[in-house]
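In what follows, a single structure is set out as structure tokens and then discussed.
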Amino acid sequence: MKSKLERPRVLLVAATTGYQSRAFVDAATSVGVSVSLATDRCHILDDPWGDHAYALRFEDPEGSAETLAATGEHWDGIIAVGDRPAYVASVAAARLGLPFHPPEAVAASGNKLMARELFRRAGLPVPAYFAVPLETKPLEAAARAHFPCVLKPLGLSGSRGVIRANNSAEFVSAFERIRALLHLPDIRRTARPQDSLIQIEQFIPGREFALEGIMTAGALRVLALFDKPDPLDGPFFEETIYATPSREPGPVQQSIIEAAASAARALGLRHGPVHAEMRVNEAGAWMLEIAARPIGGLCARVLPGLEALIVRHAAGMPPGDIALEGRSAGVMMVPIPQGGIYAGVSGVEEAAAVAGIDDVIITAKEGQALIPLPEGSSYLGFLFARAPAPADVETALRSAHAKLRFEIRTALPVL
């Protein structure tokens, strides 16, 4: 039995590198919780990062769970950062008897076709949809589509590979682009069965929102509701600004929250963070997806104290609240305007001096190949703002972005 003086212990399953891993370790230290790391690293090398992490193979969740069970260690809870780590964590949690989302629920949340089917069965509004193998002739698939439609890879996160088509010609072009994307080495290397399918669904008009929440015994607690003020109508769906709290009237916000809670129940999500995306129009709130993880990467900085809250929740402690202190907050994910080689940026100091801007973080590195959506999966950097009202946050982010001048050189063809 644990001594009253013994610190709670949680297991953090995360990729080898990443901002969020460090943020969670720091947050755990601040709230008196011990953290063990489990990452996707080579098991042969002897602790190359000096963090004493357990070496897992994310492509083998069952084996990873056995590796952790074989340690004989005791943890009070488990946390996952990212989609693949979330599934590994779910299998490990089931093996170790820790509260978390069930493996089948995490698998469904990461499969757009499975999620759509579960939403439909639960009575949630869903667009007309179907999926076809990559080998399908695009024109044959186009004949079944309701235009305008959206083509999606089933297993990629964010908006990577998501393309709108308004007619058969655009459909064929989109299909071929997604097929080529799914054959890229970085995707083939970690391919899952759903990566052999493309989903086609009728375009849902409306405004887009994101919801950050945490679940306890199947009940959803909303931590933040974000407006996405930029229209996301295609042909690609690159997200830029998130601003909270939402400026929507109460009934709209309530419909979003109810839809997210219903979607979480439909998938079977039970315990831990969730991040949901949805669209709202005259017909109500339409779920796009709900992931069994917190908001990703540096974007989490928009919610001060999020990592500490998640750590406390996983450790069985009262989780507390997000520390916005009555102010509005927002983040801009700085989009890549064109493909090429990143050569530098100017105007950072001017952007940082804009009223309301908290931080300007450029994550692109000199010499880095930049690939915009739909094939790409990264941003040039992040802008963070705080202000009395969401409209002020949005204004600050747009003003700061306008001061940044990126130099992107044409990439030379490989001969």
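The values are calculated or read from the model by the stated rules, or taken from the named source; none is laboratory data. Just so it is clear, the model here is predicted, and its values are computed rather than measured. We place every Cβ from the backbone using ideal geometry, glycine too, and count neighbours over all the protein chains shown. Side chains included, ligands, DNA and RNA excluded: accessible areas come from the protein's heavy atoms. Shrake-Rupley method; radii C 1.70, N 1.55, O 1.52, S 1.80 Å.
Okay, residues lined up against (1) more than 17 Å from Thr240 (Cα to Cα); (2) touching a residue at least 60 places away in the same chain (Cβ under 8 Å):
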{"residue": "Glu350", "(1), (2)": "yes, no"}
{"residue": "Val354", "(1), (2)": "yes, no"}
{"residue": "Thr363", "(1), (2)": "no, yes"}
{"residue": "Glu366", "(1), (2)": "yes, no"}
{"residue": "Leu373", "(1), (2)": "no, yes"}
{"residue": "Pro390", "(1), (2)": "no, yes"}
{"residue": "Lys403", "(1), (2)": "no, no"}
{"residue": "Phe406", "(1), (2)": "no, yes"}
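Tally up the residues in the range 310-331 that are open to solvent by 10 Å² or more (accessible area, probe 1.4 Å), under 30 Å from Ala402 (Cα atoms) and either among the polar types (S, T, N, Q) or modelled with pLDDT of 95 or more (or both), please.
0
Can you pull out every residue in the range 306-330 that is of a type in the set (Asp, Glu) and touching a helix residue (DSSP H, G or I) at 6+ places or on another chain (Cβ under 9 Å)?
Hits for the range 306-330 are Glu307, Asp321.
Please pick out the residue among Ala93, Ala80, Ala105, Ala89 that is of a type outside the set (D, E, K, R), on the phi < 0 side of the Ramachandran plot, open to solvent by less than 10 Å² (accessible area, probe 1.4 Å) and free of Cβ contacts under 8 Å to residues at least 60 places away in the same chain.
Answer to the check: Ala93.
Would you check if there is a residue in the range 132-146 being touching a strand residue (DSSP E or B) at 6+ places or on another chain (Cβ under 9 Å), surrounded by 19 or more Cβ atoms within 10 Å (Cβ to Cβ), in contact (Cβ under 8 Å) with a residue 40 or more places away in the chain and closer than 18 Å to Ala291 by Cα?
no
Which one is most open to solvent (accessible area, probe 1.4 Å), of the residues in the range 108-117 that are in a helix (DSSP H, G or I) and touching a helix residue (DSSP H, G or I) at 6+ places or on another chain (Cβ under 6 Å)? Before the answer, list the steps.
Going residue by residue through the range 108-117, those that are in a helix (DSSP H, G or I) are 108-109, 112-117.
With the extra rule that they be touching a helix residue (DSSP H, G or I) at 6+ places or on another chain (Cβ under 6 Å), the set shrinks to 108-109, 114-115.
Details: Ala108: 2, Ser109: 24, Met114: 82, Ala115: 8 Å².
Looking at residues that are in a helix (DSSP H, G or I) and touching a helix residue (DSSP H, G or I) at 6+ places or on another chain (Cβ under 6 Å), I get Met114.
Give the range 147-175 a look and list any residue that's buried (at least 22 other Cβ atoms within 10 Å of the Cβ), part of a helix (DSSP H, G or I) and either of a type in the set (Ser, Thr, Tyr) or out of contact with any helix residue (DSSP H, G or I) (no Cβ under 6 Å at 6 or more places or on another chain) (or both), or say none.
Ala174
If I filter the range 357-372 for residues that are on the phi < 0 side of the Ramachandran plot, of a type in the set (Ser, Thr, Tyr) and either open to solvent by 50 Å² or more (accessible area, probe 1.4 Å) or touching a Leu at 6+ places or on another chain (Cβ under 8 Å) (or both), do I get at least one hit?
Yes; the residues of the range 357-372 include at least one that is on the phi < 0 side of the Ramachandran plot, of a type in the set (Ser, Thr, Tyr) and either open to solvent by 50 Å² or more (accessible area, probe 1.4 Å) or touching a Leu at 6+ places or on another chain (Cβ under 8 Å) (or both).
When the residues of the range 373-395 are filtered to those that are of a type outside the set (Gly, Ala, Ser) and under 18 Å from Asp186 (Cβ atoms), which remaining residue is least open to solvent (accessible area, probe 1.4 Å)?
Pro374
Applying the selection to the range 81-107, what residues are part of a loop (DSSP other than H, G, I, E, B), under 21 Å from the mean Cα position of the chain (by Cα) and within 22 Å of Ala70 (Cα to Cα)?
Phe100, His101, Pro102
Output the residue which, of all residues in the range 283-303 that are more than 25 Å from Gly206 (Cβ to Cβ) and open to solvent by 10 Å² or more (accessible area, probe 1.4 Å), is modelled with the highest pLDDT.
Arg301
Can you tell me which condition Gly347 does not meet? The list is (1) under 26 Å from the mean Cα position of the chain (by Cα); (2) open to solvent by less than 20 Å² (accessible area, probe 1.4 Å); (3) more than 19 Å from Glu238 (Cβ to Cβ); (4) not charged (D, E, K, R), and all the others hold.
Checking Gly347 against (1) under 26 Å from the mean Cα position of the chain (by Cα); (2) open to solvent by less than 20 Å² (accessible area, probe 1.4 Å); (3) more than 19 Å from Glu238 (Cβ to Cβ); (4) not charged (D, E, K, R), the one that fails is (1).
When residues of the range 396-415 are filtered for being of a type in the set (S, T, N, Q) and surrounded by 17 or more Cβ atoms within 10 Å (Cβ to Cβ), how many remain?
The number of residues fulfilling the criteria is 1.
Can you name the condition, by its number, that Arg120 falls short on among (1) open to solvent by 40 Å² or more (accessible area, probe 1.4 Å); (2) over 25 Å from Met287 (Cα atoms); (3) out of contact with any Ser or Thr (no Cβ under 7 Å at 6 or more places or on another chain); (4) in a helix (DSSP H, G or I)?
The one condition Arg120 does not meet is (2).
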